[in-house]
Amino acid sequence: MDDLKKILFENQGKIKNIHSKDELDSLKTILLGKNGKINQLFKKLSELENNEKKEFASQLNDLKVQITNSINKKYSEIELSTINQKLKNERIDITLPGREVLSGKIHPVAQVIDEISSIFSEIGFSIEEGPDVESEFNNFTALNTPSDHPARDMHDTFYLDSSKEFLLRTHTSPVQIRTMLKGNSPFKIIAPGRTYRCDSDQTHTPMFHQVEGLHIDENLNMGHLKGCLDYFIKEFFEVKKIKMRFRPSHFPFTEPSAEVDIGYKIKDGKIVIGEGDKWLEILGCGMVHPNVLKNVKVDPSKFQGYAFGMGIDRLAMLKYGINDLRSFFESDCRWLKFFGFDPLDIPTNYRGLSR
Ligand code: DAH
């Protein structure tokens, strides 16, 4: 009996001093394993007299239970201290500055919209927005484009219902209508945004971006339109001189209408804007048609003005040397890393527009 107490006492001391799971595992095998000390003692039971057997068996069981409990308790302690140690070692101070700061990039289209907005706001234009889903009225009818007008066919419209009452706007011109319907003359706005046409190849995507311009006041004429666009193109391409020509054209919502080309040349495989004997069409414009003004309750005998519309994606491609329009919309991070802009470098006229 005293032997058992001694065994218990000794081993509890050993358990107490153990600090690793491996050590505890081996002691467990020595004591409680198949050929362990306790089982050896159980084997001795058969050698005892009946009256001693019961007493010894009960004490041996107690010993086994106590040793098992102590070992299990130790396992829990070791596990807890291992976790605590790990937490301590892996602690992160989230107030420390980052070692590697990955910042996002501004997409060239977003950059160019900011540049355009900055340039026009310098000369008094404010920014308007309209929804991508438009009514047939705002997109066509109010813009002097009735349902049998051939210009409608050129737009490859995405209609949203069989009655053709709603559609994805095919240009940003409906924002002219919205602006004039909700306010009073004069108006001086630009409206950048998404536009949609059912068309897709290297130079067309079903969704693209345009910016619309509208300036309505008393006594405005083509000279103001020309001056405004000349200023814009020079600022946008960051050049002092620009070769520009107005070609007669037709849009239902302007009369007279023109398309504007800018001169360019290719030098060392790169495009140089503003000089050279090649021409590039960049926008449509004209004097707002009196019918459009009547449709939005603006008196054409008192007010008149000019409007223009241009493709933003194309401007971005020209300015930043991007060849394939489709790459704009592929969401390829490597592309964006290369062509994107620093988010903190906001384009302003006085600080410089681009890098
Ligand atoms: N909305 C025309 C288009 O998408 C562009 C345009 C031309 C807009 C002449 C105008 C304008 O405001 O006056 O092709």
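The values are calculated or read from the model by the stated rules, or taken from the named source; none is laboratory data. Quantities reported herein were computed from a predicted structural model and do not represent experimental measurements. FYI the Cβ positions are ideal-geometry reconstructions off the backbone, even for glycines, and counts take in every protein chain you see. Each accessible area value is taken on the protein alone, full model and side chains, heavy atoms only, with ligands, DNA and RNA left out. Shrake-Rupley method; radii C 1.70, N 1.55, O 1.52, S 1.80 Å.
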³J(HN,Hα) computed for each position of region 32-38 - Karplus, 6.51 cos²θ - 1.76 cosθ + 1.60, integer Hz, glycine/proline x: 10, x, 4, 9, x, 4, 5
Please report, as a whole percent, how much of the solvent-accessible surface of the chain comes from carbon and sulfur atoms (probe radius 1.4 Å). 52 percent
Note, ³J(HN,Hα) from phi for region 93-104, Karplus 6.51, -1.76, 1.60, rounded to Hz, x at Gly and Pro: 8, 6, 8, 6, x, x, 7, 9, 9, 9, 9, x
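Given Cα pairs under 8 Å that are at least 6 residues apart, what percent is the relative contact order of the chain?
16 percent
Which value, in debye to the nearest 20, gives the size of the charge dipole of the chain about its Cα centre, when Lys and Arg are +1 and Asp and Glu are -1 at the Cβ?
1340 debye
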Pick from K243, K188, K34: which is most flexible by mean-square fluctuation in a GNM of the chain where alpha carbon atoms under 10 Å apart are linked? K34
Can you tell me the accessible area per residue over the chain, all protein chains present, probe 1.4 angstrom, in square angstrom? 59 Å²
Whether region 1-44 is rounded, prolate or oblate, judged on the alpha carbon gyration tensor where a/c under 1.5 counts as rounded: oblate
Mind checking the dipole of region 106-250: about its Cα centre, +1 per Lys or Arg Cβ, -1 per Asp or Glu Cβ, Debye to the nearest 20? 560 debye
Which value at 222 nm does the chain reach when only helices count, each DSSP H run of 4 or more adding -39,500 (n - 2.57), with the total divided by all residues and rounded to the nearest 500 deg cm²/dmol? -13000 deg cm²/dmol
For T195, distant residues with modelled amide H under 5 Å away: F208, H209, Q210
Would you list, by chain and number, the lysines whose Cα falls below 27 Å from the Cα of K267, excluding same-chain residues fewer than 8 positions away? K234, K240, K241, K243, K278, K319, K337
Rounded to the nearest 10 degrees, the helix 50-89 long axis (Cα) sits at an angle to the longest Cα principal axis of the chain of 30 degrees
For region 185-260 and region 101-134, write down the distance between their C-alpha centroids in whole Å. 15 Å
Neighbours of A191 by Cβ distance under 10 Å: Lys/Arg at +1, Asp/Glu at -1, summed charge -2
Rounded to the nearest 5, the percent of antiparallel DSSP beta bridges in the chain equals 95 percent
Enumerate the amide H contacts of L283 below 5 Å, restricted to partners 5 or more residues apart or on another chain; note that Pro and chain-start residues carry no placed amide H. V260
Semi-axis lengths, Å, the chain, gyration tensor of Cα atoms, sqrt of 5 times eigenvalues: 86, 25, 18
Here region 2-89 gives, from Cα atoms, an Rg and Dmax in Å of 15.7, 58
